[in-house]
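A short worksheet on the structure shown next.
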Amino acid sequence: MMLAFMCLCLLLGSTAASSVQSRLSSFVGEYGAGGGTAFSYSSDQLNGQITGLRVRENHNHVIGIQLQYGGIWGSYYGNPSGTLLEVILHRGETITQASGKVASYVNELVFVTSKGRVLKFGQPSGNSFNDFPLYEGSVLRYVSGRYSSVIHSIGFHWGTQPSCVYCKDGAK
């Protein structure tokens with residue numbers, strides 16, 4: 001009986017936490033033309049918060065992206081050629097805004113961090129977009145989109161920083 005009660009409490013607690021998380025999450029949709037193969041970093045957030053970015057660019061577009069969570073690099077999506085740019089976030093630094101330019105593909109990505117840094121990748125041409133969390137205290141949790149030899153489209157998923165499942169020490 002006690003075991004059943006504990007299971008019920010855990011289930012209700014995780015449902016409540018899930019409900020709070022979903023109320024504080026936001027996603028507007030993808031920017032760009034679409035096409036290509038879908039990608040998502042949704043499962044990588046179990047390793048902690050975003051701690052680094054690798055972006056490849058050529059003279060016209062953003063052609064690849066890779067995110068680091070809690071010191072662990074996720075999968076790379078895109079073309080392996082072009083110029084590789086890497087940024088490691090400072091301890092406790094989060095991404096609070098994303099903007100850029102799109103045409104047929106993602107041409108430019110700009111990230112603003114909680115420490116006021118502006119991280120620019122790609123080329124400033126096309127139609128502008130600006131994305132940010134709808135709820136105070138939310139940060140960029142993961143990105144999703146579509147890719148082939150370039151990044152066709154990209155979307156930003158915002159939420160609170162939950163406790164991570166597979167965090168290394170200091171990666172929370």
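The values are calculated or read from the model by the stated rules, or taken from the named source; none is laboratory data. Since the structure is predicted, the reported quantities are computational estimates derived from the model, not experimental observations. Cβ atoms come from the backbone with ideal geometry, glycine included; neighbour counts cover every protein chain shown. The protein model used for the area step is the full one, side chains on, heavy atoms only, and it has no ligands, DNA or RNA in it. Shrake-Rupley method; radii C 1.70, N 1.55, O 1.52, S 1.80 Å.
A few remarks follow.
- In sequence order, segment 49-65 has phi-based couplings of 7, 5, 10, x, 9, 10, 10, 9, 9, 10, 6, 10, 9, 7, 10, x, 8 Hz under the Karplus curve 6.51 cos²θ - 1.76 cosθ + 1.60, θ = phi - 60°, and Gly or Pro positions carry x.
- For S114, neighbours were defined as the other residues whose beta-carbon sits under 12 Å from its Cβ, and their charges (Lys and Arg +1, Asp and Glu -1) total +2.
- Taking Cβ atoms as reference points and 10 Å as the exclusive limit, the residues near I95 contribute a net charge of +1, counting Lys and Arg as +1 and Asp and Glu as -1.
- Per DSSP, loop trypsin sites (Lys or Arg not before Pro) in segment 30-113 with at most 13 further Cβ within 10 Å: R91
- Per-residue 3J(HN,Hα) values for segment 107-114, derived from phi via the Karplus relation 6.51 cos²θ - 1.76 cosθ + 1.60 with θ = phi - 60°, read 8, 9, 10, 10, 10, 10, 9, 5 Hz in sequence order (x marks Gly and Pro).
- Local net charge near S153, Cβ-Cβ under 14 Å (Lys/Arg +1, Asp/Glu -1): -1
- Using R0 = 22 Å, the C-beta based FRET efficiency linking L84 and V118 works out to 0.70.
- Sparsely packed trypsin sites (Lys or Arg not before Pro) within segment 107-163, loop by DSSP, other Cβ within 10 Å at most 16: K115, R117
- Computed with every protein chain present, the accessible area of W73 is close to 60 Å² [probe 1.4 Å].
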